[in-house]
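The values are calculated or read from the model by the stated rules, or taken from the named source; none is laboratory data. Everything numeric here is computed off the predicted structure, so don't read it as measured data. Reconstructed Cβ throughout: ideal geometry from the backbone, glycine too, with neighbour counts over all protein chains shown.
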Amino acid sequence: SFVSLRQRILSAVQKNATRGDPRSVIRAIDQFCSQKEWAMNVGNEKGCILDSVVSEVNPATVLELGTYCGYSTVRIASLLPPYAKFITLEFNPDFAAVARQVIAWAGLEDKVKIKPCLVEGASSDWIPKIKEQFGIKTFDLVFLDHWKEHYLSDTKLMEECGLLRKGSVLLADNVICPGAPDYVEYVRSSPRYKSHYFRSHLEYTKAEENLWYLGIIE
Ligand SMILES: O=C(NC/C=C/[C@H]1OC[C@H](O)[C@@H]1O)c1cc([N+](=O)[O-])cc(O)c1O
Ligand SMILES: [Mg+2]
């Protein structure tokens, strides 16, 4: 029967990565996606930038929007201190199912709470519930990697719900490809944010791409 790409990624992890070793899980996915089939993981080049931002921020609370197969989830979780609270949202139940298994293989399942995020409309209901559901006041770091047309609306919603504070850092993937022009326009023209971008390339390709770093200053 047909085996989906996400299943092939999971099989590559289970075949080539060592249980309990997050770095080997990352390596296995990058090898599969650079040698066999492209997939929309953040990849190793942008992943190293993500690692450096996570290490610098050393966040106690992290929100990831867009889990997919859990590649960036594993990268982030493996760098967090044990007391950290990490929530990742994936609206697609099939991706969430694979991500849970990838995260479990890396041995990080007790560090990451995967909350099945509902589709756009419901996610606008969901974000205001984070405080009560997870006892989180504000996020030290948010990684945006979900639907690109939702970056702006979800950022505004997080602001409105008081989930962001002075010093919170937002890191957005794919601001060039596929692109999030309204988001970039909004944060660049807002006095609340100090923003800059890290030059990079679209995962597993030579196409120009940036990771968009936002520090909240007010
Ligand atoms: O759409 C992207 N990410 C958001 C994914 C959204 C979809 O996957 C989860 C959900 O089912 C939704 O339909 C994306 C797309 C590309 N790309 O090159 O097309 C590269 C990337 O890094 C990306 O994060
Ligand atoms: Mg992406």
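Scan the stretch 120-131 for residues that are free of Cβ contacts under 8 Å to residues at least 24 places away in the same chain and within 16 Å of ligand 1 (Cβ to nearest atom) and report the count.
Restricting attention to the stretch 120-131, the residues satisfying the condition of being free of Cβ contacts under 8 Å to residues at least 24 places away in the same chain are 121-122, 125, 129.
Next cut, within 16 Å of ligand 1 (Cβ to nearest atom) only: 121-122.
Total meeting the criteria: 2.
Filter the stretch 24-65 down to residues that are under 15 Å from the mean Cα position of the chain (by Cα) and part of a loop (DSSP other than H, G, I, E, B) and give me whichever is nearest to Leu214 (Cα to Cα).
Looking at the filtered set, the residue picked out is Pro59.
Inside the stretch 179-202, can you point out the residues that are exposed (fewer than 13 other Cβ atoms within 10 Å of the Cβ) and either small (Gly, Ala, Ser) or within 11 Å of ligand 2 (Cβ to nearest atom) (or both)?
Residue satisfying the conditions is Ser189 alone.
Which one is nearest to ligand 1 (Cβ to nearest atom) among residues in the stretch 53-88 that are of a type in the set (Gly, Ala, Ser) and in contact with a helix residue (DSSP H, G or I) (Cβ under 9 Å, 6 or more places away or on another chain)? Talk me through it step by step, then tell me what you get.
So in the stretch 53-88, the residues of a type in the set (Gly, Ala, Ser) come out as 55, 60, 66, 70, 72, 77-78, 84.
Filter again for in contact with a helix residue (DSSP H, G or I) (Cβ under 9 Å, 6 or more places away or on another chain), leaving 66, 70, 72, 77-78, 84.
Details: Gly66: 5, Gly70: 12, Ser72: 9, Ala77: 18, Ser78: 20, Ala84: 23 Å.
Per the criteria, the residue is Gly66.
Across the stretch 33-50, what is the total count of residues that are without any contact (Cβ under 8 Å) to a residue 60 or more places away in the chain and either more than 16 Å from ligand 1 (Cβ to nearest atom) or among the hydroxyl-bearing types (Ser, Thr, Tyr) (or both)?
2
Could you tell me how many of the residues in the stretch 73-100 are in a helix (DSSP H, G or I), touching a strand residue (DSSP E or B) at 6+ places or on another chain (Cβ under 9 Å) and away from ligand 2 (no atom under 16 Å from the Cβ)? Steps first, answer last, please.
Initial filter on the stretch 73-100 (in a helix (DSSP H, G or I)): 73-77, 93-100.
Those left that are additionally touching a strand residue (DSSP E or B) at 6+ places or on another chain (Cβ under 9 Å): 73-74, 76-77, 93, 96, 99-100.
Subset that is away from ligand 2 (no atom under 16 Å from the Cβ): 77, 93, 96, 100.
Count: 4.
Residue check, Thr18 against (1) assigned to a helix (DSSP H, G or I); (2) more than 13 Å from ligand 1 (Cβ to nearest atom); (3) hydroxyl-bearing (Ser, Thr, Tyr), all met but one. Which one?
For Thr18, the failing item is (1).
Six or more apart or on different chains, Cβ atoms under 6 Å: show the pairs whose first residue is in the stretch 132-147 and under 22 Å from Asn92 (Cβ atoms) and modelled with pLDDT of 90 or more and whose second is surrounded by fewer than 18 Cβ atoms within 10 Å (Cβ to Cβ) and aliphatic (A, V, I, L, M).
none
Among the listed residues Asp125, Asp145, Asp140, identify the single one that is more than 21 Å from Asn41 (Cα to Cα), crowded, with 17+ Cβ neighbours inside 10 Å and not aliphatic (A, V, I, L, M). Give the steps one after another, and end with the answer.
Values: Asp125 fails: crowded, with 17+ Cβ neighbours inside 10 Å; Asp145 fails: more than 21 Å from Asn41 (Cα to Cα).
Answer to the check: Asp140.
Report, by residue number, each residue of the stretch 147-205 that is away from ligand 1 (no atom under 16 Å from the Cβ) and touching a helix residue (DSSP H, G or I) at 6+ places or on another chain (Cβ under 7 Å).
Taking the stretch 147-205 and keeping what is away from ligand 1 (no atom under 16 Å from the Cβ), we get 156-169, 185-196.
Leu157, Met158, Cys161, Leu163, Leu164, Val169, Tyr186, Tyr193, Ser195 - these are the residues of the stretch 147-205 that are away from ligand 1 (no atom under 16 Å from the Cβ) and touching a helix residue (DSSP H, G or I) at 6+ places or on another chain (Cβ under 7 Å).
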